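Working notes, structure below.
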């Protein structure tokens, strides 16, 4: 049973390495021979900004964006509605162990909760400042109506 199961991050990492060379939006699929429904994850990066994609209900969506939180600017979810539900938001540093500050990767995970259309909207802002002070905006239109 252990050979057929991998954590989502392991599956995501293994497939992302193969797919990222060919496409900015990678789709990860892992099928277990035990009859368990396959894990499917769509991963978006900064290169996907402005795109429109179709995802089925229940599908997970991960967005990975560069971030330097020591500047005060972090990626904040501004998505409206209930078609996309945020599951979590994590930051992982690219800095060497023991070094304070530096760049890293913000990973936001969503799930498509129901049929419809949603604008996934992320803004890189200082949370204590107004939204108009955003230095970068990331948006992708998600359509789950046709699937």
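The values are calculated or read from the model by the stated rules, or taken from the named source; none is laboratory data. Since we're looking at a predicted model, the values are computed, not measured. All Cβ positions, even for glycine, are placed from backbone atoms using ideal geometry, and neighbour counts span all protein chains on display.
Screening the candidates 101, 81 for the property of being assigned to a loop (DSSP other than H, G, I, E, B) and touching a strand residue (DSSP E or B) at 6+ places or on another chain (Cβ under 6 Å) yields one hit, 81.
Counting only residues that are without any contact (Cβ under 8 Å) to a residue 40 or more places away in the chain and under 20 Å from residue 47 (Cβ atoms), segment 92-116 holds 4 of them. Among all residues of segment 80-94, there is at least one that is closer than 22 Å to residue 58 by Cα and over 17 Å from the mean Cα position of the chain (by Cα). Looking only at residues in segment 29-53 that are in a strand (DSSP E or B), modelled with pLDDT under 95 and more than 14 Å from the chain's Cα centre (by Cα), the one that is farthest from residue 145 (Cα to Cα) is 30.
Residues in segment 117-144 that are free of Cβ contacts under 8 Å to residues at least 12 places away in the same chain and either within 16 Å of residue 44 (Cα to Cα) or not in a loop (DSSP other than H, G, I, E, B) (or both): 132, 133.
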